[in-house]
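The values are calculated or read from the model by the stated rules, or taken from the named source; none is laboratory data. Keep in mind that what you see is a predicted model, and the values were worked out from it rather than measured. Methodologically, a virtual Cβ is constructed for each residue, glycine included, from the backbone with ideal geometry; neighbour enumeration extends over all protein chains shown.
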Amino acid sequence: MFQFDPSKHYPKLMDSPAIIRFQDCDPLKHLNNAKYFDYYFNAREDQIVHFYGMTSSDFYRRHHATWVIYNHNISYVRSAWVGEIVHIFSHIIYYDTDTIVTEFFMTDYEKKEIKNLLWTTSKYIDTQTGKRTPHHEEVLRFLEQVHDPVEGFPQITHRERIKQLKAWLLEQGASQASKQ
């Protein structure tokens, strides 16, 4: 069972590899547009276990509340191909009293090209009433620690954010090259 530890370091941006599976692709061997959601949500679930040491049901059991998705904003930039190894990044870019926005993006294996960007907005719901409820104090402290704000959000457009991510990937590649 997850218990927030204010002295522990919780990463803000999480990253994990994934292989694009044949059964998830269209006849042109591109990842089917609807399957991006599966890859993102599976990666996020695995990342939460790996990086935070909890399962997605820990908050549910502890607080009798969970996040329910109510909005997606997705942009397809480059195709992900059957058999390709990609990297999936996720982080919470916004939160308030009862809402979180999780940003997901996919890159190629070398982390040089962005393939897709997704913003998912979720509301915190009391599982006994089925209604929105404010985040519990422990949850707010956790969100404060893992929150990774995006410059300009929520006014920034997807197009502008994709440009930011492309610049960030270039910067990351340059810093990796200088270390070698």
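Numbers below:
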{"item": "S75 being at pLDDT 95 or above, assigned to a strand (DSSP E or B) and over 18 Å from D15 (Cβ atoms)", "result": "yes"}
{"item": "Out of T120, T107, sole residue that is out of contact with any Ser or Thr (no Cβ under 9 Å at 6 or more places or on another chain), polar (S, T, N, Q), closer than 14 Å to Y39 by Cβ and in a strand (DSSP E or B)", "result": "T107"}
{"item": "Members of region 48-87 that are over 29 Å from L140 (Cα atoms), β-branched (V, I, T) and surrounded by 16 or more Cβ atoms within 10 Å (Cβ to Cβ)", "result": "V77, V82, V86"}
{"item": "Of the criteria (1) surrounded by fewer than 16 Cβ atoms within 10 Å (Cβ to Cβ); (2) charged (D, E, K, R); (3) modelled with pLDDT of 95 or more, which one D5 fails", "result": "(3)"}
{"item": "Verdict on I85 being under 19 Å from D46 (Cα atoms) and modelled with pLDDT of 95 or more", "result": "yes"}
{"item": "Among (1) in a loop (DSSP other than H, G, I, E, B); (2) surrounded by fewer than 14 Cβ atoms within 10 Å (Cβ to Cβ); (3) touching a strand residue (DSSP E or B) at 6+ places or on another chain (Cβ under 8 Å); (4) touching a residue at least 60 places away in the same chain (Cβ under 8 Å) - the single one D148 does not satisfy", "result": "(2)"}
{"item": "Breaking point among (1) surrounded by 14 or more Cβ atoms within 10 Å (Cβ to Cβ); (2) within 21 Å of D98 (Cβ to Cβ); (3) not aliphatic (A, V, I, L, M), for R161", "result": "(2)"}
{"item": "Residues (within 19 Å of H158 (Cβ to Cβ) and of a type in the set (K, R)) located in region 60-90", "result": "R78"}
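Okay, residues lined up against (1) without any contact (Cβ under 8 Å) to a residue 12 or more places away in the chain; (2) under 22 Å from H72 (Cβ atoms); (3) exposed (fewer than 14 other Cβ atoms within 10 Å of the Cβ):
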{"residue": "T120", "(1), (2), (3)": "no, yes, no"}
{"residue": "Y124", "(1), (2), (3)": "no, yes, no"}
{"residue": "Q128", "(1), (2), (3)": "no, no, yes"}
{"residue": "H136", "(1), (2), (3)": "no, no, no"}
{"residue": "F142", "(1), (2), (3)": "no, no, no"}
{"residue": "T157", "(1), (2), (3)": "yes, yes, yes"}
